[in-house]
Each structure stands twice: as structure tokens, then as C-alpha cells.
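Encoded as C-alpha cells, the structure appears first; notes follow it.
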Amino acid sequence: MSKQNKNLVGCCGIYCGLCTKYQSKAPSRCIGCRLGKQHDWCSIYRCCRKKKVITCIECTEYPCERYIRFRKWGGELYGSKAAEENLEKIKELGLEKWLEEQRQRQALFEGLLQNYNEGRSMSFYCKTCTRMSIELINEAVEEAKKKLVSEKVEKSDIKSKVKILKSILKDICLSSNVNMG
């Protein structure tokens, strides 16, 4: 695993490349869970570092009280159980395969930000790329492209592009029972 990829694996199961703080262009941008001292405040991070594990799923005490408290506090970004689901997926697939999927999701997220962001959609796309399957996201983007052509939406009309894509994504979530909460 490359060092860059390892730096994007949050001890708690969050993948930093799909986080709005990591993707931000602001000076307060986060550089990932494993770089610098900005995460020394995180008890999950400190615990994993002390036990020399990459994620909580490797710990014999998982799920501990510390992790359960974190889920109540930090689960908002991805939905209430997404970090836990990621840890279970890491256990099932192994870290390398899970990371490959996360890299694909990150590429989709960055594409959505580049092509369909009016400045207020980052959190929505973060949840979308975290919760929806890669196939469904690609399906939505293709459907949006077709609709943009059929409705003759100008490439520079970002608000219309966003409105169309978000509508399609929301419809797919509903019809596929994808929980975005």
C-alpha cells in the first residue's frame, strides 16, 4: 500500500479522500488522518497509534466504548453507521481491496466537484460517494449527461447541471433504498 493511500485511511473507518475537510481548498484543509499533529486530539487515532494498528477493526477490543462514543459524535459525516460499515468491509475484503474501491469513489467525488458543484454541493456529493454504489453513481452521471443534452443545457449553466444531477441521484437513492442519512 502506498504511503499516500495509508494516510487517507482513518482509524475509525472513514476514508479521508471522501471527506469535505480533506477536499476543501480552504487554509483549514485537513491533510489526512495520519499526517501531522492535527489529529492528536482524536482518542481513536491516539489509541490505534498506541496499539500499532491501522484501523480499529484490527483491535481485539473492537468495538470498545471509545469507538461507540465516536459513532455517536463523528458518524454525521457519512451517516450514522458508515464508518462501522467501512471497518466491516475492510475486515471482509482486506485493506488493499477496500482502498481500491475508495480510490474509485474519491475519483468520482472529485469529478462531481469539478463538473457539478455550484459551491454548495460538496457535502451532498461526499455522502453520495460514500453511501451509493459506484455503479449507481456512474449511472446517475450518465443519465444527467443525456438529460443535459436533451434539454440543451449550456455547459456553463452550473446551477441547472447541479439541479439535474442531484434530482437524478435522489431518485436513484429512493428507488434503490440507499440510506443517505
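See the values below:
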| quantity | calculated |
| --- | --- |
| Filter pass, K155 being out of contact with any Leu (no Cβ under 7 Å at 6 or more places or on another chain), in a helix (DSSP H, G or I), at negative phi and charged (D, E, K, R) | no |
| Filter result for E101 (within 16 Å of the chain's Cα centre (by Cα) and either among the hydroxyl-bearing types (S, T, Y) or in a helix (DSSP H, G or I) (or both)) | yes |
| Single match in E85, E110, E92 (criterion: part of a helix (DSSP H, G or I) and closer than 20 Å to S176 by Cα) | E85 |
| Residue match in segment 105-122 (condition: touching a residue at least 24 places away in the same chain (Cβ under 8 Å), surrounded by 13 or more Cβ atoms within 10 Å (Cβ to Cβ), in contact with a Gly (Cβ under 9 Å, 6 or more places away or on another chain) and within 18 Å of S167 (Cβ to Cβ)) | no |
| Pairs, first in a helix (DSSP H, G or I) in segment 41-55, second of a type in the set (D, E) and at pLDDT below 85, C-beta under 8 Å, six or more apart | R46/D40 |
| Subset of segment 140-181 (residues that are closer than 13 Å to L112 by Cα and without any contact (Cβ under 8 Å) to a residue 40 or more places away in the chain) | A140, V141, E142, A144, K145, K163, I164 |
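The values are calculated or read from the model by the stated rules, or taken from the named source; none is laboratory data. Here the structure is a predicted model, which means the values were calculated and not measured. No Cβ is skipped: glycine too gets one built from the backbone with ideal geometry, and neighbour counts run over all protein chains shown.
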